Amino acid sequence: MSFLQPLALIGLPLIALPILIHLINQHRHRTIPWAAMMFLMHAKRLSKGMARLRHFLILLMRVLAVAALIFVISRPLSGGWLGSIGMGKPDATLILLDRSPSMGVQDLQTGQSKRSAALQKLSQLLEQGDYGTHLVLIDSASGQLQEVDSPKALLDLPGTGSSATSADIPDMLESALAYLRANESGRADVWICSDLNENDWDVESGRWHAIREAFVELEGVHHFLIADAGLPSNNLSVRVENVQRWERGNDAELVLDIVIRTEGDGDVAAQVPIEFEVNNVRSVVELELDRQGASLQGYRIPIDSKFKAGWGSVGLPGDANPLDNRFFFVFSEPPIRRAVVVSDDLKSGETFQQALTVPTDVRHQHRVDVIPMDRVAEIDWEKTSLLIWQAALPSGLVASQIEQFVEAGRVVMFFSPRQSTDETLYGSRWMDWQTSGSQQVSNISWWRGDTDLLAHVESGDALPLNELRIYRYRSFESHGTPLARFADDAPLLTRVPTDRGAVYFCSTLPTAEFSSLEREGVVFYVMLQRALEQGSRALAVASQRDAGPNVLAGRNQWELVASIDDSQLLSQRGLHAGVYRDGAYWAAVNRSQIEDRATVVPVATVDALFDGVSYRRIDVNVGDTSALASELWRVFLIAMVVALLAEAVLSLPSRRVKSTSLIDLTVASGSERR
Amino acid sequence: MLQLKRDYLDQKVLERLSTLQLHARLPMIGSVSGKHRSPIRGSSLEFAEYRKYVPGDDPRRLDWRAYARNDRYYIKEFEADTNLRMCLVVDTSGSMDFAYNGMSKLDYARRIAGTLAYIAAQQGDAVGLYCAGTGFHKEISPKRSATHLSAVLDELGAMEASGETGLAGVLHETAERVPQRALIIIISDLFIEPEVVRNCLEHLRFRKHDVAVFHLLEQSELELEFDRPMRFVDMEGGEPVLADPTIIGPQYQRALEMYLDSMNAVIHDTEVDYHRVRINESYDDVLARFLLGRTPKRHK
């Protein structure tokens, strides 16, 4: 329990007052000489137990009444978890608000989302208490710190609205930490409002240890987590996985790959209407659903051929989370898929060229250039989608050009150079060649089939990596994520994490001297074609982007064309799902793919993240309209009245025994004896 | 008329009660002629019985009329009237000093004892006084002189209540030391165990004494009507008791009832002349009731 006027609790020792008065009265009784002591002693003996109990109860009632009065004055709040107000006045209160789409799950009856419900409760609570001289909001979408005038203002701030961005709770905590350190705040409360989405919390991250250690060092910082971990009973989300604009003669069409996911354990409608909107033309398609949802691959929408680029959206009927019911897409003419192979090995270069030249779709135009190392300067970086680097790792100018190339969203694949090299790029370095014996070959024991270059094909069949034979490969050091491994855990293909674009390291070469990649063909071809396609996306004038504060960086003239929230401010651009246009360039901003796979972190795991720091978790439900804390003074007032009434009843004189036999005192004498 | 200077004696009460006489309920053996029946046949005008003549009887006492009717000799006997010894036993224990509204029980006892002593002396009876208290113990044997009455009345005026009660001892002592039948008048609050009282009264009755008891009680003792906790100080020197009458009231009443019931049983068994008196009553009414109650009823 906590109190709005904790200073009033100083008066708590006053509960001893009735006992003190009782003890004083023990010595202030009126003294009277008494003759009939024999009856008095007898009565005392008879009433000893009951009298003591009655005395005790009377005293107890008086003590309770005084205690209740003190509690009434101290204005207690419900919620045993709430200790912030009782801990004293904080210098600063920081609010870390998760604005990710999953926080948009609504209570269907009240229409209130998890985010707004948590915010409203927190606002009420802070309004009742003392939030210190600084009230600071850190929202997950912008990651910026914002001073707020009052808790009530939180409800109207654009920085507390919904967004399509994912949250990064550790990053927000680091921001809070930086603020507390910079301002040398003493007592501070850090309130986190989140739905415990696994993606937002990133519990496996090594950052948590450092955050925890840093907060332990900061004395007087208390953490409160308002957790609404409930999943919606029935929610559908829609995502356009791929969109292509094709021309066929004078006609044009859009080809869409759409995925609908179901969430929750409620009954799923057998059919769901999907609304398409392209160039302000709407159409509806009924789609069969199963437990996992539905997938609509290659759905064609005819468009006027004069629309070389444009936008559209796919929508679902309203459900628990309105933020994942509409997905925007943009389209444009497919760019020429251009790849450059840098290799001093002529044979390998030809192999790469052969695999990249043949398009997966005849409607795409492919162009592949194979150049030796000394002609790197000829590379047209702006028009290239994929760079195959089968040479020693570059350094200097070329290395920085490659980095810029990747930052622009393109793809680089490094293949093992024949010569040994000590250069390091992207934290990775080639090591020595590993050679299998003449009779032995290295097999692929594991590869990642759910995503990236080695993902299963559309039919669901896995790529035949298990049939590959690798005779020679280079081991290498890298902090990247393996996509395929040999039986000895050495990686075949590794992806290095980058903000944009993609960087891959492949430890062998496709020629027969090194592997069966060329001979088997399929894996090699698919892998390169996917890398080329991935890199080509960045070349298109229309691009699909994940919402984020810097998603529209690079161009300054973006205009909002369509959005879920039409009233969004300039500062909130890129944070909401919508379509933006800057001249010939189009950008569709949507929630990231990982937001559609909502997994809740167990509360025990979250609690463990705060081990060693002052932390309390407050579980709430989106449908729960009760306040986080409510004043309880009425309860204590009633308790005081009850205690006083009980005391009065106990203090009432006992009903007197009618002494009728005593009134007639002239008792007849014994029978006369004459 | 004896000149009275004792302020506890009220002249008007004495005059009012002068028309009543103090009678013994049992035959008394006195030293002189008086107004009380005697077990010994005498020469009063009160016919007692006929008795067969035996040789040696005075022939002058033969009832010739009876001889004429029955042809047998009968001696006609008459009651002998004698005086009585009245022993006033007054409890002078500390509890007798209790007074809540008005006079104390000792003052009340003083008035009853003084008035009775005066009445008895006036009708020629011997009066004695025994003060029963550990703090105040006096003993005046019954005599019938006016001087003796004065001494008794002086002693009554001077007696004080203090210490524990010595009533039981005094009663047993009186039972043994008063040689002949006497009227023993006990004036006390009897705050002793009823069984102790029973022993005393049975002892007195065994010695053929006529016993009368004035059991004095104060109204507040009966009702314990205090509305706040009090410190009760034992008037006989015991430990003080802190009690809340509002809480222990019912138990007190129950204890009192039990005591009075036991006392009733004692009175019934010992056949003494018992008067339970609230001291806010007028003592002359109590005495009038006492004297009238002892007046012999005439047989039709």
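Laboratory data are not the source of any read-out in this text; all were calculated from the coordinates shown. Because the structure is a prediction, the values reported are computed rather than measured. All Cβ positions, glycine included, derive from the backbone under ideal geometry; neighbour counts span all protein chains shown.
So for the stretch A:337-537, taking the charge dipole from beta-carbon charges (+1 Lys/Arg, -1 Asp/Glu), which of A:Ile388, A:Ala531, A:Ser459 sits furthest toward the positive end?
It is A:Ser459.
Please work out the C-alpha center-to-center distance from the stretch A:264-336 to the stretch A:453-522 and express it in whole Å.
34 Å
Could you size up the charge dipole of chain A around its Cα centre, putting +1 on the beta carbon of Lys and Arg and -1 on that of Asp and Glu, and report it in debye to the nearest 20?
4400 debye
Can you put A:His27, B:His209, A:His364 in order of Cβ neighbours within 10 angstrom, beginning with the fewest?
A:His27, A:His364, B:His209
Ratio of the stretch A:180-281's C-alpha Rg to 2.2 N^0.38 Å, to two decimals?
Taking the Cα Rg and dividing by 2.2 N^0.38 Å, one obtains 1.84.
What fraction of the DSSP beta bridges in the stretch A:337-537 is antiparallel, stated in percent and rounded to the nearest 5?
Roughly 50 percent of the beta bridges in the stretch A:337-537 run antiparallel, per DSSP.
Excluding the sites themselves, what is the longest stretch of chain A that contains no GluC sites (Glu not before Pro) in a DSSP loop with at most 16 other C-beta atoms within 10 Å?
That gives A:220-422 as the longest site-free run.
Lys and Arg at +1, Asp and Glu at -1: add these up for the other residues within a Cβ distance under 13 Å of A:Pro482 and post the number.
-1
To make sure I understand, if each residue's beta carbon is the centre and we count other beta carbons within 10 Å, what order do A:Ser442, A:Ser305 fall in, fewest to most?
A:Ser305, A:Ser442
Sort A:Leu492, A:Leu652 so the one with the fewest other Cβ atoms within 10 Å of its own Cβ comes first.
A:Leu652, A:Leu492
Mind running the shape call on the stretch B:242-281? Use the C-alpha gyration tensor, a ≥ b ≥ c as the square roots of the eigenvalues: rounded below 1.5 for a/c, prolate if a/b tops b/c, oblate otherwise.
oblate
Cα axis of helix A:396-407 to longest principal axis of chain A: angle in degrees, 0 to 90, nearest 10?
Tilt of helix A:396-407: around 60 degrees.
Quick one: net charge around A:Gln557, please, counting Lys, Arg +1 and Asp, Glu -1 for every other residue with C-beta under 15 Å from its C-beta.
Every neighbour counted, the sum reads +1.
Return the single residue from B:Thr134, B:Thr115, B:Thr147 with maximal mean-square fluctuation; model: Gaussian network over chain B, springs between Cα atoms under 10 Å.
The residue with the greatest mean-square fluctuation here is B:Thr147.
Which of the helices in chain B meet the span-like rule: DSSP H, Cα axial reach of 27 Å or more, Kyte-Doolittle mean at least 1.0?
None pass (Cα extent of 27 Å or more, hydropathy at least 1.0).
Please report, in Å, the Rg and the Dmax of chain A, where both are computed over Cα atoms only.
Spelled out, the Cα radius of gyration and Dmax of chain A are 37.6, 159 Å.
Quick one: compute the contact order of chain A, relative version, from alpha carbon pairs under 8 angstrom and 6+ residues apart, as a percent.
16 percent
Got the relative contact order for the stretch A:464-541 handy, in percent, Cα pairs under 8 Å and 6 or more residues apart?
For the stretch A:464-541, the relative contact order is 27 percent.
Just the Cα atoms of the stretch A:436-557: what Rg and Dmax do they give in Å?
16.8, 62
Send over the per residue convex hull volume for chain B, Cα only, as a whole number of Å³.
Expressed per residue, the convex hull around the Cα atoms of chain B is 158 Å³.
Hey, what D do you get for the stretch A:302-399 in µm²/s if you plug the Kirkwood alpha-carbon radius into Stokes-Einstein at 10 °C and 1.306 mPa s?
94 µm²/s
Name the most mobile residue of B:Ser104, B:Ser145, B:Ser95, meaning the one with the largest mean-square fluctuation, in a Gaussian network model of chain B with Cα contacts below 10 Å.
For chain B, modelled as a Gaussian network with Cα springs under 10 Å, the answer is B:Ser145.
Given springs between every Cα pair under 10 Å in a Gaussian network model of chain B, which of B:His268, B:His215, B:His148 has the largest fluctuation?
Result for chain B, Cα springs under 10 Å: B:His268 fluctuates most.
Determine the distance separating the Cα centre of the stretch B:159-197 from the Cα centre of the stretch A:237-259; give it in Å without decimals.
About 128 Å separates the Cα centre of the stretch B:159-197 from the one of the stretch A:237-259.
Please work out the Kirkwood hydrodynamic radius for the stretch A:337-537, using every pair of different C-alpha atoms, and report it in angstroms with one decimal place.
16.8 Å
Using the alpha-carbon centroid of each, what span in Å lies between the stretch A:586-621 and the stretch B:204-230?
Answer, in whole Å: 88.
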